[in-house]
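The values are calculated or read from the model by the stated rules, or taken from the named source; none is laboratory data. These numbers come from a predicted model, not from an experiment. Here the Cβ positions follow ideal geometry from the backbone for every residue, glycine too, while neighbour counts run over all protein chains shown. When the accessible area is computed, the model is the full protein with side chains, heavy atoms only, and any ligands, DNA or RNA have been set aside. Shrake-Rupley method; radii C 1.70, N 1.55, O 1.52, S 1.80 Å.
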Amino acid sequence: MSAVTTPSPLLTGQVVVVSGVGPGLGRTLALRCAEHGADVVLAARTAARLEDVAAEVTARGRRAVSVPTDITDTDSASRLVETALREFGRVDTLVNNAFSVPSMKPLARTDFQQIRDSVELTVLGALRLTQLFTEALTATKGSVVNINSMVLRHSQERYGSYKLAKSALLAVSQSLATELGPQGIRVNSVAPGYIWGETLKGYFEHQADKYGTTVEQIYQHTAAGTDLKRLPTTEEVADTVIFLASPLARAVTGQCLDVNCGEYHH
């Protein structure tokens, strides 16, 4: 894949908080925000991972603050807010990207505690951060972007508990858009399909070894169901988030934008 270029910064002067910073989409979100002129607050449970991404942000000429955070804990999440405001004095966008690996069992055999844990992180974690950042976002007439999933659009076997959590996240996002709109805060969602990056590539490599095929064959088989006959990259998903956070989307709220190269239509 060719490198994505940035024609003009869309987030100049903004401060963006990204939760769930990991080696995949979270990292790319942070770097693309920096490339678009934003300073970044990085939140995740793993401190070492945050420092690595922070170094990449600063190499792009922007400031980065790492805050090890458990978004299922109110005290920990509150420290994230306090640190962001102490370091930057403002917050313009909150990106709720944290998620847990879903149970791959049918709902009829899924452990209830697994579902509770998934909802606690994916749904209540995002709601908790949004509540805590509301005052700061009101001051900047800012925005929230929640990372959802294409599981909203299908009912394939073994994705039931994941769909349950992500559907609840969408409902929360839409309700927050209505509630926070009078304060000038926009709330939107992005629902990616398969995201082509190192994480998915690693999964395809595992599948290729398991079934005696190649990564390219698995990629082509997976992409065949999309209109564009390819899979969206982490950069393309991140750029959709940046659009929703930017002034270009100043009249967009309560929406869920699918990024799946046409695998599902909505």
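Within straight-line reach of residue 105, meaning a Cα separation under 18 Å, sit the following aspartates and glutamates at least 8 residues removed in sequence or on another chain: 117, 157.
Electrostatic tally near residue 149: other residues with Cβ closer than 13 Å to its Cβ, Lys and Arg +1, Asp and Glu -1, net +1.
Computed extension length for residue 139-residue 75: 20.8 nm, one decimal, from 0.36 nm per residue of separation with the Cα-Cα distance subtracted. Put a dot 7 Å past the Cα of residue 208, heading toward its Cβ, do the same for residue 266, and the two dots end up 3.0 nm apart.
Among [x] 54, 42, 37; [y] 50, 42, 39; [z] 71, 53, 31, only one was calculated for this model; which label is it, if the read-out is Cα extents along the principal axes in Å? Only one option fits the structure, namely [x]. Note on exposure: 228, 10, 31 ranked by accessible area (1.4 Å probe, complete protein assembly) read 228, 10, 31, with the most exposed listed first. Does region 20-99 come out rounded, prolate or oblate, given a ≥ b ≥ c as the square roots of the eigenvalues of its C-alpha gyration tensor, rounded meaning a/c under 1.5 and, failing that, prolate meaning a/b above b/c? Oblate, because a/c is 1.5 or more while a/b does not exceed b/c. P(r) tail, region 78-144: Cα-Cα pairs separated by more than 19 Å, 44% of all pairs. FRET efficiency for residue 116 and residue 59, Cβ-Cβ distance as r, R0 = 45 Å, nearest 0.05? Working from the Cβ atoms, E equals 0.65. Extension gain, residue 157 to residue 107, is 17.1 nm, computed as 0.36 nm per intervening residue step minus the present C-alpha separation.
Taking a ≥ b ≥ c as the square roots of the eigenvalues of the Cα gyration tensor, an a/c ratio of 1.5 or more together with a/b larger than b/c marks region 142-266 as prolate. Along the chain, the longest continuous region that contains none of the trypsin sites (Lys or Arg not before Pro) in a DSSP loop with at most 14 other C-beta atoms within 10 Å is 1-140.
Applying 1/(1 + (r/R0)^6) with R0 = 35 Å to the Cβ-Cβ distance of residue 52 and residue 82, what FRET efficiency is obtained, to the nearest 0.05? In this case the efficiency is close to 0.90.
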